[in-house]
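This report refers to the structure that appears directly beneath it.
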Amino acid sequence: MPEQPLCSATFRAAAVDLGGASGRVVSATVDGGMLQIDGVHRFRNRAFTDELGLRWDAQRLHRDAVAGLRALRRDGAAFASVGVDAWSGDYGLLAYDGLLDAPFHQRDSRTDRSFPLVDAVLPAEDAFRETGVTALPIMTIYQLMADRDAGRLDTVQRMLLMPDLLAHWLGAAEVAEATNVSSTGLALPYGAAWDPSRIDALGLPTRIFPEVVMPGTVTGRAREGILAPGDITDITTVASHDTASAVIAVPALDENFAFVSCGTWILTGVEVDRIITTDRAREAGFTNELGLDGTVRFLRIAAGLWIVNECMREWGLDGWGARSTAARRELLERAHVAPSVGVLVDTGDPRLLRPGQMTARLAELLVESGGRMPTDRAAIVRLVLESLGAFVARQVEEAASLSGVEVRVVHLVGGGSESPILAQAVADLSGRTVMAGPSEATSMGNILVQARAHGAARGGLGDLRRIVRASTELRRYEPSRG
């Protein structure tokens, strides 16, 4: 048994974890080298379209998060701390009198116009060599350029990335957390600070960029009225890029692993101690993002369970009630026994990134691969999950080759870890053992950073991972023989 990290008295905290399709508030205690989740409050996150484009209802997310915190706060067991994580790329713009308007969704088509404008000033190839960050239209840099050209930044006082915006509304100062900053396209290497030369080159106002802080920084206390009267609850920055939090909770025993964080997006890669900026890495679509304690996540990002979610929406199964939930569960169960189509699609194809008409897009890709689209919905779900597994297997091999990491085991975390189809496909097609779980990795990583900041867990990243492994029942998948 590995030596457990030293811990102090019981520590109870909450993680506000926001994803592209849903959000959750998770409460947990850390005590004696164990993390125990004692409550989960889930709520829906659904984008909307108005005359300007595809947007997020950030204020509703805030109300739902506060409702979750209140629901999980127990008499005699208040939260010592709250931390917020969310997806990367998107942000809110604050004017003198509050939020300018609803934040844009990263999949809005406005970046189709701003992408070439940025590339003309800051060529993507040069940026990758300098920072290790690959160019994707969803990134903050392209969205801010679109806002600049639309005149939306003229009265803005601050730009807050989504997790920092929600944390600010809970009581935190106006700051930007480093792991998320590292993925914006506007940071110095390793995300330690904003890059003034890139900001100036694009003509973006420097006043809107907040101070960059590291994970584990206490930046305020919950505002009066958020929780119960008399509560003293710190707002603590975590690894606020949700992938960064998820990878903290990878229950690895050594360094010879690849990670797969599967939610709306699927992110596959390895953990290294340096940015990798070779032409091969750029051409393969990999990027470098800051992790906890100076680690680097060398990874490839692509559409994940978003594809399944869009199919469900098309089929009218995206409701939030018990009936829709049961129908989705029944469809996923049928997918486990549905026959394989025999042909896979490339889930890394950019045609799968936009919302709407997902089954038609899948049918188009399947025809290009020499197959025919099944009529049974369960078979379509199985097709997507097996195709995601094949994509991940290729990326694991690519990440190992480009980084020099000898990958012996693949850790699958997040919502996708609950899919035996996906996990077995990764094992079969990569030829490696797959360890699935925890499904709540993001929230666990979030809470462990809070625990360490408050002295309830000590040590490095490996020590935090030992807590995860001791607290989680993992599922093991071996490559099938034959």
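The values are calculated or read from the model by the stated rules, or taken from the named source; none is laboratory data. Small disclaimer: the values here were computed from a predicted structure and weren't measured. Cβ coordinates were reconstructed from backbone atoms using ideal geometry, including for glycine residues, and neighbour counts include every protein chain displayed. Surface areas here come from the heavy atoms of the whole protein model, side chains and all, with no ligands, DNA or RNA. Shrake-Rupley method; radii C 1.70, N 1.55, O 1.52, S 1.80 Å.
Shown is the FRET efficiency for R329 and A150, computed with R0 = 45 Å from the Cβ-Cβ distance and rounded to the nearest 0.05: 0.60. For the pair E255 and V409 in one chain, pulling the backbone fully straight at 0.36 nm per residue adds 54.5 nm over the alpha carbon distance. Peptide packing: for 129-140, 81-92, the average count of neighbouring Cβ atoms within 10 Å per residue gives the ranking 81-92, 129-140, highest mean first. Label zone of L474 (point 7 Å out along Cα→Cβ, amide N under 15 Å): in region 426-464 this covers 427, 432-441, 462-464.
Could you please report the charge total around L94, scoring K, R as +1 and D, E as -1 over all other residues with beta-carbon less than 10 angstrom from its beta-carbon? Net charge around L94: -1.
A cut-off of 5 Å between modelled amide H atoms, ignoring neighbours fewer than 5 places along the same chain, links S88 with D242. For region 185-198, backbone phi angles converted through the Karplus equation (6.51, -1.76, 1.60; θ = phi - 60°) give residue-by-residue couplings of x, 10, 10, 5, x, 6, x, 5, 6, 5, 9, x, 5, 6 Hz, Gly and Pro being listed as x. Phi angles across region 18-28 convert, under the Karplus curve 6.51 cos²θ - 1.76 cosθ + 1.60 with θ = phi - 60°, into 3J(HN,Hα) values of 10, x, x, 10, 8, x, 8, 10, 10, 10, 7 Hz, Gly and Pro given as x. Counting only whole DSSP H helices of the chain, the ones at least 20 Å long by C-alpha along their axis and with mean Kyte-Doolittle hydropathy no lower than -1.0 are 58-72, 322-337, 377-403.
What ranking, highest mean first, results for peptides 162-170, 25-33, 354-362, 147-155 when packing means the other Cβ atoms within 10 Å averaged over each residue? Intermediate values should be presented prior to the final figure.
Details: 162-170: 26.0, 25-33: 21.7, 354-362: 16.2, 147-155: 14.4.
Ranking the peptides 162-170, 25-33, 354-362, 147-155 by packing returns 162-170, 25-33, 354-362, 147-155.
The length gained on full extension between A120 and V218, counted as 0.36 nm times the residue separation minus their Cα-Cα distance, comes to 31.3 nm. For the set E418, E224, E289, solvent exposure ranked by accessible area (probe 1.4 Å, protein chains only) runs largest to smallest as E224, E418, E289.
The length gained by stretching the chain between T433 and D376 to full extension, at 0.36 nm per residue less their Cα-Cα distance, is 17.4 nm.
A simple spin-label model places pseudo-atoms 7 Å from Cα toward Cβ; at E368 and D231 they are separated by 4.9 nm.
Within a Cβ distance under 15 Å of E51, other residues only, what is the Lys/Arg minus Asp/Glu net charge? List each step's numbers first, then the result.
On the way: positive: R55, R110, R152; negative: D50, D101, D108.
Once all neighbours under 15 Å are counted, the net charge is 0.
So, for the chain, what is the accessible surface per residue at a probe of 1.4 Å, expressed in square angstrom?
Numbers: 18950 Å² over 482 residues.
Using a 1.4 Å probe on heavy atoms only, each residue of the chain averages 39 Å².
The helix-based estimate of mean residue ellipticity at 222 nm for the chain, built from -39,500 (n - 2.57) per DSSP H run of four or more residues and divided by its residue count, is -11000 deg cm²/dmol to the nearest 500.
If you add up the charges near L186, with Lys and Arg at +1 and Asp and Glu at -1, over every other residue whose beta carbon is less than 9 angstrom from its beta carbon, what do you get? Can you show the working numbers first?
On the way: positive: R198; negative: D195.
With Lys, Arg at +1 and Asp, Glu at -1, the neighbours total 0.
Relative to the globular-protein estimate of 2.2 N^0.38 Å, the Cα radius of gyration of region 281-382 stands at 1.29.
Remark: region 280-296, residue by residue, has Karplus-estimated 3J(HN,Hα) of 4, 5, 5, 5, 7, x, 8, 9, 10, 10, 6, x, 5, 6, x, 6, 10 Hz, where x stands for each Gly or Pro and the curve is 6.51 cos²θ - 1.76 cosθ + 1.60 at θ = phi - 60°.
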